[in-house]
Amino acid sequence: MKLYADRPGRLLGQVLGDLTVLVVCWLAVRLGRGTYARVAELATPGRDAEATALRLNGRLREAARDVREAPLVGETLARPFRELASTSRELAASAQSYQDTVEQVATLAGVLVAAMPVLLVLSVWLPRRVAWVVEASAAVRLVRGGEAANDLLAVRALARQPLQRLARLGPEVVSGWKAGDPAATAELARIELDELGLRSRP
């Protein structure tokens, strides 16, 4: 598999492109983590409310136990404390539910903020990069296959290369290729390999 070009100019462009994608992805992940942390801070009041409600619940239950020991009216006096303790447990449960909701929102926000730029960059970069690797790998296999590869590359050059570039070669190259001249065929093959940033021999 051919991952990078042989020609310095094309190679530099590929390396810089890959590094740029890596940096963008790293920054996007950092931004997503920062977004998660900022949104997660909204759960602080919920944690405080839950802790306060749990402390109040404990004290009300202790108070209910204490007054229940009073003769005759102990059970009557303990009932309001037990009801308040039950209410405080409900408040603690609500505070915990609020924290869970904030956690879910923070996670979703962090993932979205990180994923959107990553997906955008990859949707532009990845198809082109994969297409080049496939084409370059196939071209390298052809070149390693021997002189017959030049014929295939020459035909492709004649079919794909811009007319201006072919015109600069001069009519003798095309005529030579039609006549089976190896030098003309090699010249056309070189043009096709140059476009991929590859040398005539790996």
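Since every read-out is calculated from the coordinates, none of them should be taken as a lab result. Everything quoted here is computed from the prediction, not taken from an experiment. Positions of Cβ are generated from backbone atoms using ideal geometry, with glycine treated the same way; all protein chains shown enter the neighbour counts.
General remarks:
- Size of charge dipole - segment 145-202 - debye, nearest 20, with Cβ of Lys, Arg +1 and Asp, Glu -1, no other charges: 160 debye
- Among 36, 98, the ranking by other beta carbons within 10 Å of each residue's beta carbon, starting with the fewest, stands as 98, 36.
- With contacts taken as Cα pairs under 8 Å and at least 6 residues apart, the chain reaches a relative contact order of 29 percent.
- Close amide-amide hydrogen proximity is noted between residue 6 and 198, 199, each under 5 Å apart and 5 or more residues distant or on a separate chain (H modeled in the peptide plane; Pro and chain starts excluded).
- Kirkwood-Stokes translational diffusion coefficient of segment 145-202, alpha-carbon pairs, 10 °C, 1.306 mPa s, µm²/s: 142 µm²/s
- Segment 76-162: proportion of alpha-carbon pairs further apart than 22 angstrom, %: 66 percent
- Put the Cα centre of segment 13-77 next to the Cα centre of segment 84-102 and the gap is 11 Å.
- Radius of gyration and Dmax over the Cα atoms of the chain, both given in Å: 36.3, 121
- Cα shape, segment 1-95, gyration tensor, a/c 1.5 rule: prolate
- Positive-pole candidate from 101, 52, 154, dipole of segment 48-192, charges at beta carbon: 154
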